[in-house]
């Protein structure tokens with residue numbers, strides 16, 4: 001982690017926070033919805049450990065990886081449209097039913113707001129899943145802006161969603177920190193010019209978060225809020 005004297009966290013005025021694997025443990029929802037979809041198309045279920053390695057780059061990518069366990073490339077494309085429709089239907093049916101907040105998420109969001117930061121949620125989850133999930137878990141009110149993976153022309157790791165939030169808030173990228181659980185978040189932040197903090201839990205495609213290029217690893221969102229407050233005090 002960078003030192004307080006040189007940290008890019010100085011002067012941060014807003015935070016962009018990821019959803020799956022950062023605020024909410026949603027893997028049980030993915031597990032149920034995917035296996036219901038697989039049953040519908042006559043395939044055997046996948047273990048949650050397999051699905052964990054596939055999540056993070058959006059629903060289309062996820063479903064292609066899932067189908068790729070059973071079919072060659074041509075078979076995947078042949079079945080993709082029907083499988084995607086089945087997955088979306090099943091996910092909407094159970095969205096949030098099996099998901100839980102990670103420790104100190106609400107406390108961390110409260111602390112970030114108390115420190116004067118504006119908040120946005122940027123996720124690769126489709127907005128039709130993300131917005132109701134935030135509302136169901138009591139988190140929607142924290143965020144001025146919510147972008148799903150299909151809200152804009154590009155999704156993470158492309159920098160566009162983060163840059164759009166910067167424009168929405170009329171802030172420079174250096175004033176907006178991204179907080180997430182995966183290399184998608186870090187790559188998007190680096191490309192956008194935003195500082196980035198990562199959490200050690202969540203879903204990072206089976207890779208260690210310690211191998212991801214970030215400005216620090218924080219145990220919880222509350223830890224992130226405390227770190228940002230500390231460095232903003234130093235900046236002042």
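Every number in this text was worked out from the coordinates using simple rules, so none of it is lab data. Predicted model only: the values in this text are computed from it and were never measured.
What the table shows:
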read-out	value
0 to 90° range, to nearest 10: angle between helix 127-136 axis and the chain longest Cα axis	70
0 to 90° range, to nearest 10: angle between helix 160-169 axis and the chain longest Cα axis	40
P(r) histogram, all alpha-carbon pairs of the range 106-236 included - 5 Å bins from 0, percent	2, 11, 19, 24, 24, 15, 4, 1, 0
Whole-number percent relative contact order across the range 27-94, with pairs defined as alpha carbons under 8 Å at least 6 apart	43
Percent RCO, i.e. relative contact order, over the chain, from Cα pairs under 8 Å lying at least 6 residues apart	30
The range 93-213: relative contact order in percent, alpha carbon pairs under 8 Å with at least 6 residues between	18
Zero-based 5 Å bins, Cα pair distances in the chain, whole percents	1, 7, 15, 19, 19, 15, 10, 7, 4, 2, 1, 0, 0
Cα gyration tensor category, rounded, prolate or oblate, for the range 27-94 with a/c compared to 1.5	rounded
Nearest 10 degrees, 0 to 90: helix 59-68 Cα axis against the chain principal axis	40
Computed [θ] at 222 nm, helices only, for the chain once each DSSP H run of length n ≥ 4 contributes -39500 (n - 2.57)	-14000 deg cm²/dmol
